[in-house]
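Comments concern the structure below.
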Amino acid sequence: MPQQVTETDPWLALGRLEEIPPRGARRVEIEGESIAVFRTADDRVFALRNRCPHKGGPLSEGIVFGHLVACPLHNWRIDLESGEAVAPDQGCTRTYPVRVEDGVIYLSRP
Ligand code: FES
């Protein structure tokens, strides 16, 4: 469960990086929003709204390759940095700022 650092700190501690396997994802619920947090093979971390821009598929259950995730429903590929669908598909899902400090993942509050 995410933990708020302080009342005024916008950054929420989500847990340790090692709790997400490389090319894996976790789903977190923050203030009513379902957010997918991804770890890539090169240990980058990204956070996207857990809803595919096509028909709302759960991106946290997709397959991560490079800096993309393939939606589990119809295989649209979504760029983890921008949230944009890869052409020829079109659409965008919201992204959230994340950072890793001392092995802990922090997400900026929605
Ligand atoms: S819902 Fe994601 S590709 Fe269709």
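The values are calculated or read from the model by the stated rules, or taken from the named source; none is laboratory data. Keep in mind that this is a model prediction, so the values were computed, not measured. Every residue, glycine as well, gets a Cβ built from its backbone with ideal geometry; the counts of neighbours run over all protein chains shown. All accessible areas refer to the heavy atoms of the entire protein, side chains included, with ligands and DNA or RNA removed. Shrake-Rupley method; radii C 1.70, N 1.55, O 1.52, S 1.80 Å.
Considered as a group, the residues in the stretch 54-110 that are touching a Cys at 6+ places or on another chain (Cβ under 8 Å) and charged (D, E, K, R) include one that is farthest from residue 41 (Cα to Cα), and that residue is 84.
Residues checked against (1) touching an Asp or Glu at 6+ places or on another chain (Cβ under 7 Å); (2) of a type in the set (Asp, Glu); (3) under 16 Å from residue 25 (Cα atoms); (4) modelled with pLDDT of 95 or more:
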{"position": "72", "(1), (2), (3), (4)": "yes, no, yes, yes"}
{"position": "88", "(1), (2), (3), (4)": "no, no, no, yes"}
{"position": "91", "(1), (2), (3), (4)": "no, no, no, yes"}
{"position": "107", "(1), (2), (3), (4)": "no, no, yes, yes"}
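Taking the numbered list (1) modelled with pLDDT of 95 or more; (2) open to solvent by less than 30 Å² (accessible area, probe 1.4 Å); (3) in contact with a Pro (Cβ under 6 Å, 6 or more places away or on another chain) in turn, residue 12 passes all entries but (1).
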